[in-house]
């Protein structure tokens, strides 16, 4: 488990609270180390958000999710061993209420439809960092949970 502050991660994992403020625990899943590091920095710039773990492939993602049950999982689609769609399917089979945001470098309506069919609650381009934060905020509010974010200029609801 990769956590910036061990105490913070443990307290939040066990109690869900730290200093009276609810902390949103986020699992990042991507096979590119540099992208994970940049995304972690972006997400942890939000005060109440904490990256409690990272995984580099779908197999590790399922294991980390089962161990930590984070509030949000940000999952890349294209990864070795077990792609993001298959990993999400397995997580959602065991934890149907899991909140997963699928990231992809491809703006594909077909992939978005497949993600929706699997129960994935959000879909967005990994090339749009502002889109990723906006998508997580939207999912956390429980609003428009079946959204596809293609780019920061376009917001489309999956019906």
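Taken together, the values in this text are just the output of simple stated rules run on the coordinates, not laboratory data. Keep in mind that what you see is a predicted model, and the values were worked out from it rather than measured. Neighbour counts run over all protein chains shown; Cβ positions are idealised from the backbone, glycine included.
Details
- Residues within the reach of a label modelled at residue 44 (point 7 angstrom out along Cα to beta-carbon, backbone nitrogen below 13 Å), restricted to the range 117-138: there are none.
- Inter-label distance, nm, simple model (7 Å from Cα along the C-beta direction), residue 82/residue 66: 0.7
- Taking 7 Å steps out from each Cα toward its Cβ at residue 113 and residue 59 produces label points 3.3 nm apart.
- The gain in end-to-end length when the residue 22 to residue 137 segment is fully stretched comes to 40.0 nm, 0.36 nm per residue minus the alpha carbon separation.
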